[in-house]
Every structure is written in C-alpha cells, then in structure tokens.
Amino acid sequence: MMRVDILTIFPEMFKPLEESIIKRARDKGLLSVNVIDIREYTQDKHRKVDDYPFGGGAGMVMKPEPLFRAVENACDGENIPVVLLTPQGETFTQEHAQQLSRQERLILVCGHYEGVDERFRERIVSQEISIGDYVLTGGELPAMVLVDAVTRLLPGALGDDSSSQEDSFAEGLLEYPQYTRPRSFRDMEVPQVLLSGNHEAIRYWRRKMSLARTDKRRPDLLEKKILSPEDRKLLMEIKDTPPNFGNNNEG
C-alpha cells in the first residue's frame with residue numbers, strides 16, 4: 001500500500017479523492033490518503049496559520065510552527081519525502097508521477113497565501129512541484145492532480161495495467177485517436193484498419209497517429225525523445241503525407 005498524507009488548511013476540499021479510480025484504489029488497499037488539517041497544529045486560540053511578512057509587502061505568509069509540527073507528527077521519526085505544491089516548483093510531468101509512484105509514503109503540503117516561511121522550505125521540503133505556469137488560490141487542486149496521476153500508476157489501480165502505459169505522455173508521446181461503437185456515426189466512419197483484425201497493421205497505424213498528433217500539437221516532446229528507426233521512418237511518411245486530423249478517417 002502507498003500512503004499519502006496531505007497537509008492543508010482546507011481539508012473539506014478533498015472529497016474528489018473519494019470517487020472514481022482513486023476510490024477503487026483505496027477500496028482495494030492499494031492507496032491510503034490521510035488529509036491533515038494544519039490548523040490542528042497551531043497553539044493559539046485563533047488557530048492562526050499565517051502572519052505578515054517581515055520586510056513588508058502584500059499578502060500573508062504561512063507560519064513555520066504549525067507546518068513543522070504537522071510534518072513531524074506525520075513522519076513520526078521516519079524519513080519521508082515531503083512535496084510542497086507551489087508555483088515556484090518544477091513543472092509536474094509524467095516522469096515525476098512515475099518517480100513518486102515508487103515511494104511507499106509521501107507527504108504533500110498545500111501552499112497558500114504568498115507562500116510558506118522559507119525556513120520550512122529549507123529544513124523540511126524535499127521537492128517543490130507546480131502543475132503549470134499559472135497561479136491558483138492554493139495547493140489543494142495541484143495535490144489532487146498529483147494524487148490522481150500517481151494512483152493510475154500503482155499496479156492494480158486500473159482495470160488493465162497496460163492502460164497507464166498507453167496514456168498520453170507515458171512514453172513521451174501523445175496518445176493515438178480512439179474509437180468505439182457505433183462503426184458509423186453521422187456519416188463519420190471508424191478507420192478501416194481498426195476493423196481489420198490485423199494486429200500488426202493496427203499497431204503500426206496507432207504508432208503513426210501518435211507520432212503525427214505529437215508532431216502537430218507538441219513538437220517539443222519529439223525534440224526530447226530518442227526515436228527508433230521505425231519512428232523516424234513513420235515521421236518521414238508523416239512529413240510527406242500529413243494525416244488530416246479534421247477527417248474522421250485520419251491516416
């Protein structure tokens with residue numbers, strides 16, 4: 001079982017973690033999620049978790065005392081990775097999700113206000129993660145995104161473990177187009193190759209469409225990827241005859 005402790009000042013926001021794949025993973029005993037209210041670790045009658053920044057400036061800063069106490073209580077003497085969700089962190093990727101999914105325990109800290117006291121960052125935080133170059137009210141939504149992405153990678157969490165390996169970004173490419181019944185809908189047909197029963201032809205088509213879609217929408221991903229000889233051949237075919245992604249029979 002993987003255990004995730006989430007430190008937040010808004011524990012009621014985490015109801016979505018009781019639904020869908022995350023709920024099934026928890027029910028199967030693959031994942032334990034413990035939401036911890038940082039306010040429980042304050043020691044004043046007002047349960048104050050923030051204060052004005054030294055040196056002046058707008059906004060408030062999360063105080064170090066309750067953060068230290070909450071993490072130390074959750075760790076209980078163990079060395080556990082502590083991830084701070086903050087706009088200043090590394091941009092979250094599938095690679096991060098894969099790395100974190102190999103941990104037995106994680107502590108996620110939801111930042112708020114103008115951030116956290118720097119001493120907490122320096123002494124306690126192992127890694128800082130952002131889910132994109134934009135600012136949210138707090139780290140609660142990013143924490144849920146991270147838990148969802150990591151849960152999908154836990155063996156047994158999905159009905160078919162191979163599903164997570166075929167997702168977009170799982171191997172650095174966008175996923176190929178998907179179709180289901182009916183075969184014909186409003187004069188739009190499922191590509192014939194998917195109905196052929198020829199598994200090699202289907203594999204080849206899917207790989208080609210994955211490369212084509214990545215080349216069109218996220219060419220930056222291809223720049224980072226080491227391509228196989230087959231991939232290079234497929235990209236040459238794509239350059240010569242680009243698939244029409246506006247047509248349901250693309251490719």
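The values are calculated or read from the model by the stated rules, or taken from the named source; none is laboratory data. Treat the numbers as computed from the prediction; the structure is a model and nothing was measured. For neighbour counting, all protein chains shown are included, and Cβ atoms are generated from backbone atoms with ideal geometry for every residue, glycine included.
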Considering every residue within segment 52-60, establish whether at least one is of a type outside the set (F, W, Y) and touching a Leu at 6+ places or on another chain (Cβ under 8 Å). no
Just need a number here: residues in segment 31-56 that are under 10 Å from P66 (Cα atoms) and surrounded by fewer than 11 Cβ atoms within 10 Å (Cβ to Cβ). 1
Filter pass, K28 being more than 22 Å from G138 (Cβ to Cβ), in contact (Cβ under 8 Å) with a residue 24 or more places away in the chain and loosely packed, with under 15 Cβ neighbours inside 10 Å: yes
Sole residue being at pLDDT 95 or above and either surrounded by fewer than 10 Cβ atoms within 10 Å (Cβ to Cβ) or at positive phi (or both), chosen from G172, G246, G251, G197: G197
Looking at segment 59-71 only, could you name the residues that are outside any strand (DSSP E or B) and either of a type in the set (A, V, I, L, M, F, W, C) or exposed (fewer than 13 other Cβ atoms within 10 Å of the Cβ) (or both)? G59, M60, L67, F68, A70, V71
